[in-house]
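Worksheet: the structure to be examined is printed underneath.
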Amino acid sequence: MSELTDKELMRVRLRFLDVIKSFFIDEPDAERLSRWRGFITALSNEPVNPMIDTAVRQLGSLMTDMKLDDIRDEYYELFINPFSEDIISTSLSYYIDGRSFGETLVNFRGFMMDAGLIKNKDIDDTEDSLVFILDVLATLIEEEKSGPEEARTKQTKVVNEYLDPLTVHFNTTMKENGRARFYEACAGFLSGYVDLEKGLTAPV
């Protein structure tokens, strides 16, 4: 990634974030699964980093072995069904504070206010949810067009203080969950990507 121009790097980062968000935003359909297959196939011949490369191999194999309904059922049991024994939280507050809607959520809302970011009223997820934080990061990457230095500082804070700890807990929980197969590999891909993002930013 170091050989890319700033514009190319921005495009690559946004592409990765778009695909990762699509893993977790809701139950997949045939069109999205086809898009994942194309993305994973393209990456299979382009080594990125060990975690992403491993996840790419796993996802490629799983998308061959599993039907769309299998992946949809897994998503439902992991993220939607309130009665599932395997349900997994995507909220940072849940992992840091031991409950949803904790102090971590308040802190992230404060960061968003300072950064001039406003939550769309149509979004149901809390601000400290995985998909929402990924979306915030994507928004800040887009902001580089008008103020690269300030945008990068904000990105660093999001990655190091919010996205990275959430990813660590989320990935560990996935690995311990007996129901997770496809989404464990998705979480591994996420971890590999966050590792790349940490390499692009310096500690706050």
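None of the figures in this text is laboratory data; all of them are computed from the coordinates on show. Bear in mind the structure is a predicted one, so any value in this text is a computation, not a measurement. Using ideal geometry, Cβ is built from the backbone for each residue, glycine included, and neighbour counts are taken over all protein chains shown.
Hey, what number do you get for the chain at 222 nm if only DSSP H runs of n ≥ 4 count, each worth -39500 (n - 2.57), divided across all residues, to the nearest 500? Provide the component values of the computation, followed by the final result.
Working: 10 runs with 130 residues, N = 204.
Rounded to the nearest 500, it is -20000 deg cm²/dmol.
Extension gain, VAL168 to GLU149: 0.36 nm times the residue separation minus the Cα-Cα distance gives 4.1 nm. Karplus-derived 3J(HN,Hα) values for region 12-19, using 6.51 cos²θ - 1.76 cosθ + 1.60 with θ = phi - 60°, are 5, 4, 5, 5, 4, 5, 4, 5 Hz; glycine and proline are entered as x. For PHE101 and GLU27, the FRET efficiency from 1/(1 + (r/R0)^6), where r spans their Cβ atoms and R0 equals 25 Å, is about 0.55. Amide H contacts of ALA180: none lie under 5 Å away among residues 5 or more positions distant or on a separate chain (H built 1.01 Å from N in the peptide plane; Pro and chain starts excluded).
Given springs between every Cα pair under 10 Å in a Gaussian network model of the chain, which of MET113, MET174, MET63 has the largest fluctuation? Of MET113, MET174, MET63, the most mobile in the Gaussian network model is MET113.
Rounded to the nearest 20, the Cβ-based charge dipole of the chain about its Cα centre (Lys and Arg +1, Asp and Glu -1) stands at 340 debye. Comparing LEU14, LEU166, LEU92 in a Gaussian network model of the chain (Cα springs below 10 Å), the most mobile by mean-square fluctuation is LEU14. Model label points for LYS119 and THR41, set 7 angstrom from Cα along the Cα-to-Cβ axis, are 3.9 nm apart. Only lysine pairs 8 or more places apart, or on different chains, with alpha-carbon atoms under 28 angstrom apart are counted in the chain, and they number 29.
Within region 20-94, the GluC sites (Glu not before Pro) that combine a DSSP coil assignment with at most 12 other C-beta atoms in a 10 angstrom radius are GLU85. Here the Gaussian network model covers the chain, with springs between Cα atoms less than 10 Å apart; of PRO50, PRO165, PRO28, PRO50 fluctuates the most. Restricting attention to region 39-82, which trypsin sites (Lys or Arg not before Pro) occupy a DSSP loop and are surrounded by at most 10 other Cβ atoms within 10 Å? Taking region 39-82 and a limit of 10 other Cβ atoms within 10 Å, the loop trypsin sites (Lys or Arg not before Pro) found are LYS67.
Please give the charge dipole size of region 135-184, origin at the Cα centre, charges +1 on K and R Cβ atoms and -1 on D and E Cβ atoms. Round to the nearest 20 debye. Write out the running numbers ahead of the final one.
On the way: 7 positive and 10 negative charges, 58 e Å.
About 280 debye.
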